[in-house]
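Computed from the coordinates by the stated procedures, all read-outs in this text should not be read as laboratory data. Everything numeric in this text was worked out from a predicted model, so none of it was measured. Note that each Cβ is placed from the backbone with ideal geometry, even for glycine, and that neighbours are counted across all protein chains shown.
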Amino acid sequence: EEQEEDTLRELRLFLRSVTERLSRDRRFKAFTKPVDLEEVPDYITVIQHPMDLSTILSKIDLHKYVTAREFVYDMDLIWKNALEYNPDSDPADRQIRHRACALKDTVHAIIRDELDEDFNRICERIRDSR
Ligand SMILES: COC(=O)[C@H](Cc1ccco1)c1ccncc1
């Protein structure tokens, strides 16, 4: 009903604010757009589920997320993919892995600090009812 749509509208506002904050952070530049599959042709053979911040922003606007948990699942894809595709000891791999770990810690800290537990429980009940 209308109250549910009000709740989901507030969730989208929160998720957009988190995503836009991360997109402005210079450490996360490599995570802002999809990895270019023409520049990196083996990427899609290694990583089955690519994800990036611009795709998450599009999914928010397509009403794909009904809970923060679904949003965090996609955020976790971003940094897990980076750790998996860039495992080597060379400086470029180490740098993107450090940034992937920073993205993981930043996302989880923002959710812990800024997502109200009761609001989250209302979103999870809406998801369960659908
Ligand atoms: C999330 O971004 C990545 O996983 C690419 C993979 C990549 C390899 C070659 C071109 O792009 C990346 C970008 C910047 N620095 C390291 C790796």
Per-residue HN-Hα couplings for the stretch 81-86 [Karplus 6.51, -1.76, 1.60; θ = phi - 60°; Hz; x = Gly/Pro]
4, 5, 5, 6, 7, 10
In nm, the gap between the two label points placed 7 Å beyond Cα toward Cβ at K64 and R21 is 2.2
Sum up the charges of everything whose Cβ sits under 14 Å from the Cβ of Y85, counting Lys and Arg as +1 and Asp and Glu as -1, but leave Y85 out.
-4
The size of the Cβ-based charge dipole (Lys, Arg +1; Asp, Glu -1) of the chain about the Cα centre, to the nearest 20 debye, is 360
Sorted by chain and then number, the residues having a modelled amide H within less than 5 Å of the amide H of V66, at least 5 places away or on another chain, are none
Quotient of Cα radius of gyration and Kirkwood radius for the stretch 1-112, i.e. Rg/Rh, equals 1.01
FRET efficiency (K80, D128; Cβ distance; R0 30 Å; to 0.05) is 0.70
Where does the chain land at 222 nm, in deg cm²/dmol rounded to the nearest 500, when only DSSP H runs of n ≥ 4 count, each adding -39500 (n - 2.57), divided by all residues?
-23000 deg cm²/dmol
Distance in nm between E117 and H98 label points, each 7 Å along Cα→Cβ, equals 3.6
